[in-house]
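Colleague: Here it is, the structure, as structure tokens.
The values are calculated or read from the model by the stated rules, or taken from the named source; none is laboratory data. All of these numbers come straight from a predicted model, not from anything done at the bench. Because the Cβ atoms are built from the backbone with ideal geometry, glycine has one as well, and the counts that use them run over all protein chains shown. With ligands, DNA and RNA removed, areas are computed over all heavy atoms of the protein, side chains included. Shrake-Rupley method; radii C 1.70, N 1.55, O 1.52, S 1.80 Å.
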Amino acid sequence: MQTIRGFRDILPEQTRLWQKVENLAFELFEAFGYREIRIPVLEKTQLFARSIGEATDIVEKEMYTFADRKGDKLTLRPEATASICRAYIQHKMHASDPVRKFYMTGPMFRRERPQKGRYRQFYQIDAEVFGIASALVDCELIFLQHELFKRLGLTGLSAHINSLGCPECRPDFTGSLLDFLGEKKHALCDICQRRMTKNPMRILDCKAQTCQAALAGAPATVDHLCPACEDHFNTVKSTLQKQKVDFFIDKSLVRGLDYYTRTAWEIQTTSLGAQSAVAGGGRYDGLVKELGGPDTPAIGFAIGFDRLVEVMEQLEQIPEEPGPDLFIVALGEPAMEAAYHLSCDLNRSGFQAVTDFRGKSLKALMKRADKLNASHVLIAGQTEMAENQMILRNMATREQVSISMDHLVPELKKILQTDNG
Ligand code: ATP
Ligand code: MG
């Protein structure tokens, strides 16, 4: 049996890096007042169709949608924002405290063509803020990504920023885009021709070469902003500069979802070939209302966890596998049972203590301790046990000492502390 196409296992050799990212990210988010939310992987299809937008790549061709046994149309979540909005509305969070800051991580599902950095089940690290319209929140979110990547030791990433305007100024922009595309309509791909009536802004995001060529010199959203959107974008730019967050304005960036307003951004890398976007984010001030909640400004980002880890692997930022404090060597059945209880007791006392129950020889067990990178080995030899003693071996210096079983924990604490500095 094999995994299905585009799905993969993440093995223990790899998860250390994933944990490192998670720990740093969650610590950073918590310090800024964000709290974890956990949402289901399966939702009603309608939630994503309505929020992400019918004319987007995700909804048009990438969703895993099926009818359950009763015929309800369900979809494996392709992203987290829609579900978090649904939760915000469903639990009436706005009533008790409209200002909420969330983070989460988990798998997302999109039926795309698999390749390096692109999977059908992939993971995102997500953060969302509800109830704050200020551009300073946009900066906070971009800063969080920037700071996380810095703490992870990543270099060569760049933040692409754009403003998509709002319902006030969008019609002015789409009008001039449609005028511009007028004669070039037939140069566009089929999907973009349909987008001209459904959602013209989406055309800017099309990856087809012919569409990109037709778009050369096309009008930009930033040149059609209303005064309020213009102000908002100016604050984002000046505030990021003060925090020394590098960015540049990318007029063609619109992002693959319909719900974005005002600030949208992407963090890109040159080190993953075609899959250049490591993270993306944007404001979606209209979405909560659109989904049946009160009018609530909101904004969020998603980091592509798989791609982030791949960038780190390229930089060889693979943390060394730490070995246990203690490996207990036990020879023979009674000694093995004693070693089992000892490992439980030692772990209760705060040590990492590992043993082996295969009944192997002393030589084989010492090899095993070495392989596991144990810092010390505790040997329950027959003669020593008879005298209520154990041997402690420092694997680095090969020094051995006898320790009385009566003072095992305090003695081990003392010795390990000195040996391991
Ligand atoms: P792309 O343009 O690469 O398809 P996207 O715009 O569809 O990305 P978003 O919906 O913005 O992606 O999701 C946020 C992040 O999730 C992306 O920046 C990317 O790092 C990651 N991501 C998106 N799709 C995949 C996938 N199929 N496999 C792995 N990571 C992905
Ligand atoms: Mg995509």
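Colleague: Cβ-Cβ distance below 7 Å, separation of 6 or more or different chains: which pairs start in region 199-216 with a residue that is away from ligand 1 (no atom under 15 Å from the Cβ) and end on one that is assigned to a loop (DSSP other than H, G, I, E, B) and open to solvent by 40 Å² or more (accessible area, probe 1.4 Å)?
Modeller: N199/D258
Colleague: Still on this structure, I have one more. Which residues, taken from region 256-283, are part of a loop (DSSP other than H, G, I, E, B) and either within 17 Å of D126 (Cβ to Cβ) or away from ligand 2 (no atom under 14 Å from the Cβ) (or both)?
Modeller: Of the residues in region 256-283, the ones part of a loop (DSSP other than H, G, I, E, B) are 256-260, 270-276.
Once the filter is applied, which keeps residues that are part of a loop (DSSP other than H, G, I, E, B) and either within 17 Å of D126 (Cβ to Cβ) or away from ligand 2 (no atom under 14 Å from the Cβ) (or both), region 256-283 yields G256, L257, Y259, Y260, T270, S271, G273.
Colleague: Same structure, new question: What do you reckon, is S158 under 22 Å from G273 (Cα atoms) and either at pLDDT 95 or above or open to solvent by 30 Å² or more (accessible area, probe 1.4 Å) (or both)?
Modeller: yes
Colleague: Still on this structure: Limited to region 308-337, what total is found for residues that are open to solvent by less than 40 Å² (accessible area, probe 1.4 Å) and not in a loop (DSSP other than H, G, I, E, B)?
Modeller: Qualifying residue count for the region: 12.
Colleague: Considering only region 17-129, give the helices (runs of 4 or more DSSP H) lying wholly within it that have at least 1 residues that are within 16 Å of ligand 1 (Cβ to nearest atom) and crowded, with 18+ Cβ neighbours inside 10 Å.
Modeller: 45-52, 81-90
Colleague: Now for a different question. Which condition number does F149 fail, the rest of (1) within 16 Å of ligand 2 (Cβ to nearest atom); (2) out of contact with any helix residue (DSSP H, G or I) (no Cβ under 7 Å at 6 or more places or on another chain); (3) part of a helix (DSSP H, G or I) being met?
Modeller: (1)
Colleague: When region 343-373 is examined, which residues are found to be under 18 Å from S402 (Cα atoms) and either among the aromatic types (F, W, Y) or in contact (Cβ under 8 Å) with a residue 40 or more places away in the chain (or both)?
Modeller: L346
Colleague: Would you say T235 is of a type in the set (S, T, N, Q), within 25 Å of the chain's Cα centre (by Cα) and in the same structural domain as A95 (by TED's automatic domain parsing)?
Modeller: Details: of a type in the set (S, T, N, Q): yes; within 25 Å of the chain's Cα centre (by Cα): no; in the same structural domain as A95 (by TED's automatic domain parsing): yes.
So T235 does not fit the description; no.
Colleague: Continuing with this model, one more query. Looking only at region 180-198, which residues are over 13 Å from Q212 (Cα atoms), in contact (Cβ under 8 Å) with a residue 24 or more places away in the chain and charged (D, E, K, R)?
Modeller: R194, R195, K198
Colleague: From R398, R393, which residue is among the basic types (K, R), under 19 Å from L416 (Cα atoms) and buried (at least 17 other Cβ atoms within 10 Å of the Cβ)?
Modeller: So the residue among R398, R393 that is among the basic types (K, R), under 19 Å from L416 (Cα atoms) and buried (at least 17 other Cβ atoms within 10 Å of the Cβ) is R393.
Colleague: Go through (1) open to solvent by 50 Å² or more (accessible area, probe 1.4 Å); (2) more than 33 Å from the chain's Cα centre (by Cα) for L188 and report which single condition fails.
Modeller: Every listed condition holds for L188 apart from (1).
Colleague: Conditions: (1) in contact with a helix residue (DSSP H, G or I) (Cβ under 8 Å, 6 or more places away or on another chain); (2) at pLDDT below 95; (3) among the basic types (K, R). K207 meets all but one. Number of the miss?
Modeller: Only one criterion in (1) in contact with a helix residue (DSSP H, G or I) (Cβ under 8 Å, 6 or more places away or on another chain); (2) at pLDDT below 95; (3) among the basic types (K, R) is unmet by K207, namely (1).
Yes/no per residue for (1) of a type in the set (A, V, I, L, M); (2) under 29 Å from the mean Cα position of the chain (by Cα); (3) within 14 Å of ligand 1 (Cβ to nearest atom):
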residue: S276; (1), (2), (3): no, yes, yes
residue: G281; (1), (2), (3): no, yes, yes
residue: Q314; (1), (2), (3): no, yes, no
residue: D325; (1), (2), (3): no, no, no
residue: E337; (1), (2), (3): no, no, no
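Colleague: Scan A55, A80 and give me the residue that is of a type in the set (G, A, S) and modelled with pLDDT under 95.
Modeller: That would be A55, the only listed residue that is of a type in the set (G, A, S) and modelled with pLDDT under 95.
Colleague: Within region 223-270, count every residue that is surrounded by 17 or more Cβ atoms within 10 Å (Cβ to Cβ) and farther than 26 Å from T174 by Cα.
Modeller: Total meeting the criteria: 5.
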